[in-house]
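Data block below; observations after.
The values are calculated or read from the model by the stated rules, or taken from the named source; none is laboratory data. The structure displayed is predicted, hence computed values, not measured ones. Counting neighbours? That spans all protein chains shown, and the Cβs are built from the backbone with ideal geometry, glycine included. Side chains included, ligands, DNA and RNA excluded: accessible areas come from the protein's heavy atoms. Shrake-Rupley method; radii C 1.70, N 1.55, O 1.52, S 1.80 Å.
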Amino acid sequence: RPPADGAYLGAYVQPDTDYTPQGRIDAVTQFEKATRRKLDIVQTYHPWEDDFPDATDKWAVDSGRMLLLSWAGTDTRVIQSGRYDNLIRQRAREVKALGKPIFLRWRWEMDRPNLQASIWTPQDFIAAWRHIRTIFAEEQATNVSWVWCPTAAGFSDTDRAAPYYPGDSDVDWVCADVYTGQKLDTFQEAAAGFLAWAKGHPGKPIMIGEWAT
């Protein structure tokens, strides 16, 4: 659930050299020491066929931080075919076993042009999204909040992002990844199109999944 006021602060903290789960944990705690602030949300990334939650994910929820688990995708039409149902079902069971709420950001930035060979169409993305959600529901993985997260540029440049929206009933948080681009826009300028779109979905909490220049 969103905070009563203000915002949560989260980060993905990349280790300098040690990419093991413990290395990622150490990177987070060192970052928090440097900033003198405990993160509200720890973000982790997992390839499509990765086994998760891993030790970093479990540490995040067990230590009182919230977990934003960004799960990469694969071919949306193959997902719809049912080939990956056993994998999805296993991930749902293991996430449920965490016993604590998490954010799940499946196939973020689905509107990026360089992903279209595996995304296919907005209709295919939405069908795959609902297919995964249905399996999680069947496994009663109700501790998942579903985060839909295209690029902010997909709202400002070509309006390419909105057609990928699965609908209010299938999304818990609306999100965008905000990058300032070659023009070095301000954050306000880069996020404006997404935030204007989000106003049309009252009641949906807003997340900025990634941002940078």
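Run E109 past the list (1) in contact with a strand residue (DSSP E or B) (Cβ under 6 Å, 6 or more places away or on another chain); (2) at negative phi and report the number of the one that doesn't hold.
(2)
Is at least one residue of region 187-199 within 19 Å of G10 (Cα to Cα) and in contact (Cβ under 8 Å) with a residue 24 or more places away in the chain?
yes
Mind checking whether some residue in region 2-22 is surrounded by 12 or more Cβ atoms within 10 Å (Cβ to Cβ), farther than 24 Å from C175 by Cα and without any contact (Cβ under 8 Å) to a residue 12 or more places away in the chain?
Yes, the conditions are met somewhere in region 2-22.
In region 77-93, which residues are open to solvent by 50 Å² or more (accessible area, probe 1.4 Å) and either farther than 23 Å from Q116 by Cβ or under 18 Å from the mean Cα position of the chain (by Cα) (or both)?
Answer for region 77-93, where residues must be open to solvent by 50 Å² or more (accessible area, probe 1.4 Å) and either farther than 23 Å from Q116 by Cβ or under 18 Å from the mean Cα position of the chain (by Cα) (or both): N86, R89, Q90, R93.
Are there any pairs with C-beta distances below 6 angstrom linking a residue in region 126-147 that is closer than 13 Å to V78 by Cα to a residue that is part of a helix (DSSP H, G or I) and open to solvent by less than 30 Å² (accessible area, probe 1.4 Å), with the two at least 6 apart or on different chains, and if so which?
Close Cβ pairs (under 6 Å, with a partner that is part of a helix (DSSP H, G or I) and open to solvent by less than 30 Å² (accessible area, probe 1.4 Å)) amount to A128/T76; A128/I79; H131/I79; I132/I88.
Name the helices (runs of 4 or more DSSP H) wholly within region 1-109 that hold at least 3 residues that are of a type in the set (S, T, N, Q) and either at pLDDT 95 or above or out of contact with any helix residue (DSSP H, G or I) (no Cβ under 7 Å at 6 or more places or on another chain) (or both)?
Answer list for region 1-109: 21-35, 76-81.
Please state which one of A137, A141 is among the small types (G, A, S), at pLDDT 95 or above, closer than 22 Å to D57 by Cα and open to solvent by 30 Å² or more (accessible area, probe 1.4 Å).
Checking each option against the conditions leaves just A137.
Considering each residue of region 180-213, count those that are loosely packed, with under 14 Cβ neighbours inside 10 Å and hydroxyl-bearing (S, T, Y), and give that number.
Qualifying residue count, region 180-213: 2.
Looking only at residues in region 170-179 that are more than 13 Å from W211 (Cβ to Cβ) and out of contact with any Ser or Thr (no Cβ under 7 Å at 6 or more places or on another chain), which one is most open to solvent (accessible area, probe 1.4 Å)?
Once the filter is applied, the top-ranked residue is D170.
Residue-wise test of (1) of a type in the set (A, V, I, L, M, F, W, C); (2) under 18 Å from F125 (Cα atoms).
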site	(1), (2)
P150	no, yes
V178	yes, no
D185	no, no
W211	yes, no
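Restrict the check to region 53-60 and report whether at least one residue is farther than 18 Å from Q14 by Cα and open to solvent by 60 Å² or more (accessible area, probe 1.4 Å).
no
I need the full set of residues from region 164-186 which are free of Cβ contacts under 8 Å to residues at least 24 places away in the same chain and within 19 Å of G10 (Cβ to Cβ), in order please.
Hits for region 164-186: nothing passes.
So is R65 surrounded by fewer than 16 Cβ atoms within 10 Å (Cβ to Cβ) and farther than 22 Å from T17 by Cα or not?
It is false that R65 is surrounded by fewer than 16 Cβ atoms within 10 Å (Cβ to Cβ) and farther than 22 Å from T17 by Cα.
Taking the conditions exactly as written (open to solvent by less than 70 Å² (accessible area, probe 1.4 Å), small (G, A, S) and at negative phi), does G167 satisfy them or not?
No.
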